[in-house]
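*Asks:* What follows is a single structure, and I will ask about it in a moment.
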Amino acid sequence: MQRPELESDPERSFVMDSALSDPHNASAEAGSPANGTTRPPSTPEGIALAYGSLLLMALLPIFFGALRSVRCARGKNASDMPETITSRDAARFPIIASCTLLGLYLFFKIFSQEYINLLLSMYFFVLGILALSHTISPFMSKFFPANFPNRQYQLLFTQGSGENKEEIINYEFDTKDLVCLGLSSIVGVWYLLRKHWIANNLFGLAFSLNGVELLHLNNVSTGCILLGGLFIYDIFWVFGTNVMVTVARSFEAPIKLVFPQDLLERGLEANNFAMLGLGDIVIPGIFIALLLRFDISLKKNTHTYFYTSFAAYIFGLGLTIFIMHIFKHAQPALLYLVPACIGFPVLVALAKGEVTEMFSYEESNPKDPAAVTESKEGAEASASEGLEKKEK
């Protein structure tokens, strides 16, 4: 009997049978010869370990990314400002994702898969180093001695001159960040040369955590639009066509988390992978992070909606894996994650009578000139009131 695996495409992941080729390695399907060897059949223990590890790895970037998103929203460093997703962005995202997926499908059909993956590997090599460096920087700061010579740097790139000067890049960093960048580069070279699954996961976890931390939904309604659109997107491209499957089989990049089902038999050289795409971590993750910030805005010293949505994500991903094993067929993960991640918190809000507060909660875009102007006007008004009080 064939064992199912989680496969992924650049935007989403879905569950499919292991009869489909594994894009992460050159091994054949279970029981089939590949270069004179056979892929060992997965044991129940190995499958449980693989899926349990994937679930744990999916939860880590969501949990820590959500916590860091709170600090990110309050931060003043221009290089760490979040990117706010509006309702218009959310409505267009499934269309853009579909065009990207279809474009990759045509590229793989027309051009050589080897050269495309080489180009993608170089692209994700650079992105992965930057993402991993940003991820480990807060943790590594604790290990530097107090007398470490830490110098400040700023990378500033502008356009125009005088009053028309406009900032294109304004990135502030220090010597500690450069050390983190060096360590991340070692992982990047390891991934580029070996494509080892541990290096892949380090990059994948970094991408996921950065996505949850830096991509902010401006309100719950926008989150519902985004998740609802991708809910339809996932179902259509998995059940309606073979485009997603073809791209998933051809695409080689750290856009998925992997864990070997034969780890107990072959150790670190195992190659029979279960996989989970980063899209099914980041997209629900940014919605869960929004609910954490909503919890904090209520000022009740409780994180009810955050923990509810977090539990809903565990339930949805577990249900995806269960359905996959029952029907032995590819399953779009968002088919189960979206109803759970939206439905559970809404039910809690109904029970607590806070539905109005939930859907009226709004986050302003720190990069929006209108929001900045409004903030400045508010600050000036407060300052004027303060001066008037002093004069009186």
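*Asks:* Full-extension gain between Lys109 and Thr241, please, as 0.36 nm times their residue separation minus the C-alpha to C-alpha distance.
*Replies:* Working: separation 132, 0.36 × 132 = 47.52 nm, distance 1.50 nm.
So the chain would gain 46.0 nm between Lys109 and Thr241.
*Asks:* Follow-up question, since we're still on this one. Can you compute the charge dipole magnitude of the range 57-188 about its Cα centre, using +1 on each Lys and Arg Cβ and -1 on each Asp and Glu Cβ, nothing else charged? Give it in debye, rounded to the nearest 20.
*Replies:* Values: 11 positive and 10 negative charges, 75 e Å.
Roughly 360 debye, rounded to the nearest 20.
*Asks:* Based on the Cβ-Cβ distance of Phe327 and His303, what FRET efficiency does E = 1/(1 + (r/R0)^6) give at R0 = 51 Å, to the nearest 0.05?
*Replies:* Numbers: r = 35 Å, r/R0 = 0.69.
Taking R0 as 51 Å, the efficiency between Phe327 and His303 is 0.90.
*Asks:* Using 7 Å Cα-to-Cβ label points, what is the Ser87/Arg194 separation (nm, one decimal)?
*Replies:* So the two model labels end up 5.0 nm from each other.
*Asks:* Neighbour counts of other C-beta atoms within 10 Å: give me Met244, Met122, Met57 arranged from fewest to most. Write down the numbers at each step before the final one.
*Replies:* Numbers: Met244 30, Met122 11, Met57 18.
Exposure proxy ranking, most exposed first: Met122, Met57, Met244.
*Asks:* Next up: Quick one: if you stick a label point 7 Å off each Cα along the C-beta vector at Leu264 and Glu163, how many nm between them?
*Replies:* Going by the 7 Å Cα→Cβ label model, 7.3 nm.
*Asks:* Note down the nm distance, to one decimal, between modelled labels 7 Å out along Cα→Cβ at Leu59 and at Ile96.
*Replies:* The answer from the label model is 3.2 nm.
Coordinate-derived values only; no laboratory data. It should be emphasised that the depicted structure is a prediction, and the values quoted were computed from it without experimental measurement. Note that each Cβ is placed from the backbone with ideal geometry, even for glycine, and that neighbours are counted across all protein chains shown.
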